[in-house]
Amino acid sequence: MQNNANVIGKINDRTTIYRIFPRNRFLQLFEESQNALVLPTKWDDPFENVFLQADVVSANGEKGHFGFHDDVYGQCWTLETASDAMWQIYSRDKDAVRVRTTVGKLIGSLRSIHGKWAEATCFIGRVDYLRESKLKEFGRTVFKDYSGSEAIARTLLVKRRAYKHENEVRLIHIERGGTKHVNGVYTYKLDPRDIIDQVMVDGRVPYQDFVPFKEQIMALTGLSEKQVTRSLLYRKPKGFLVEVP
């Protein structure tokens with residue numbers, strides 16, 4: 001299946017992606033019907049948005065800075081289906097929820113808000129993980145190899161190899177006209193029922209707590225019993241047998 005122009009990297013509209021939400025944020029998503037993207041400066045990695053904040057040198061040697069470095073917002077998703085690292089990082093209270101959607105549904109939700117401007121402001125792409133020397137090379141060439149908004153979006157689609165376990169896909173919005181959003185958070189109207197097709201609860205939630213939570217999720221989302229599950233990653237092992245002479 002061929003990607004649309006706003007889908008970058010080795011993914012396509014049908015690619016399944018996941019995001020772990022803290023329990024309260026998951027419930028808020030359905031209560032407020034808003035999706036939220038943030039400035040990369042809110043992420044922990046100090047290398048985030050490094051290219052748009054770096055010194056710029058033109059072909060004739062003139063130096064300057066990008067005036068739009070704080071006009072780009074992102075939201076992180078993952079291709080990982082079962083990752084202890086992701087649960088440990090994003091479910092610190094051990095009660096988070098992982099939702100599932102597709103690349104096409106997610107980028108479509110953002111594009112629908114922006115109409116004729118969607119081609120220039122809405123992107124989704126798979127992150128490449130590079131050594132620091134390759135990151136520096138990328139910075140020198142990205143605005144030569146690509147143009148306009150795509151080049152800007154691609155600056156958020158590279159990270160250091162230390163983060164490779166995240167296997168990220170990022171939803172990206174480039175704001176027009178220098179509009180600034182409160183606390184560096186860009187929100188847009190979204191009915192999560194239109195994009196989410198599965199919900200998985202952290203397996204460290206005790207079963208007796210999971211059962212009523214599952215019923216709450218089903219009532220909130222309209223998903224079927226089979227579409228709301230509990231992760232088996234932390235289940236006690238069974239069936240192991242050691243034979244001795």
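Things worth noting here:
- Candidate set: region 110-129, residues that are surrounded by fewer than 21 Cβ atoms within 10 Å (Cβ to Cβ) and under 14 Å from the mean Cα position of the chain (by Cα); chosen: the one nearest to residue 163 (Cα to Cα): 128
- Residue check, residue 129 more than 28 Å from residue 233 (Cβ to Cβ) and aromatic (Phe, Trp, Tyr): no
- Residue check, residue 190 in contact with a Pro (Cβ under 9 Å, 6 or more places away or on another chain) and buried (at least 18 other Cβ atoms within 10 Å of the Cβ): no
- Residue in region 76-86 that is surrounded by the most Cβ atoms within 10 Å (Cβ to Cβ), counting only those that are hydrophobic (A, V, I, L, M, F, W, C) and in a loop (DSSP other than H, G, I, E, B): 79
- For region 24-44, the set of residues classified as touching a helix residue (DSSP H, G or I) at 6+ places or on another chain (Cβ under 8 Å) and within 23 Å of residue 94 (Cα to Cα) consists of 27, 29, 30, 35, 42, listed by residue number.
- Qualifying residue in region 221-238 (condition: in a helix (DSSP H, G or I), modelled with pLDDT of 95 or more, of a type outside the set (D, E, K, R) and surrounded by fewer than 19 Cβ atoms within 10 Å (Cβ to Cβ)): yes
- Residues that are closer than 19 Å to residue 148 by Cα, in contact (Cβ under 8 Å) with a residue 12 or more places away in the chain, touching an Asp or Glu at 6+ places or on another chain (Cβ under 8 Å) and not small (Gly, Ala, Ser) occur at least once in region 73-90.
- Region 153-174, subset in contact with a Phe, Trp or Tyr (Cβ under 6 Å, 6 or more places away or on another chain) and within 13 Å of residue 114 (Cβ to Cβ), residue surrounded by the fewest Cβ atoms within 10 Å (Cβ to Cβ): 173
- Note on region 76-111: residues that are modelled with pLDDT under 95 and of a type in the set (Ser, Thr, Tyr) amount to 4.
- Cβ-Cβ under 6 Å pairs, at least 6 apart or on other chains, region 37-61 side at pLDDT 75 or above, far side part of a strand (DSSP E or B) and exposed (fewer than 14 other Cβ atoms within 10 Å of the Cβ): 38/185
- Qualifying position, being under 18 Å from the mean Cα position of the chain (by Cα), within 18 Å of residue 40 (Cβ to Cβ), modelled with pLDDT under 95 and charged (D, E, K, R), among 168, 132, 150: 150
- Scan of region 198-218 for residues that are assigned to a helix (DSSP H, G or I) and within 22 Å of residue 105 (Cα to Cα), ordered by number: 217, 218
- The number of residues in region 175-186 that are surrounded by fewer than 14 Cβ atoms within 10 Å (Cβ to Cβ) and in a strand (DSSP E or B) comes to 1.
The values are calculated or read from the model by the stated rules, or taken from the named source; none is laboratory data. None of the values given here were measured: they were computed from a predicted structure. Every residue, glycine among them, receives a Cβ derived from its backbone with ideal geometry; neighbour counts consider all protein chains shown.
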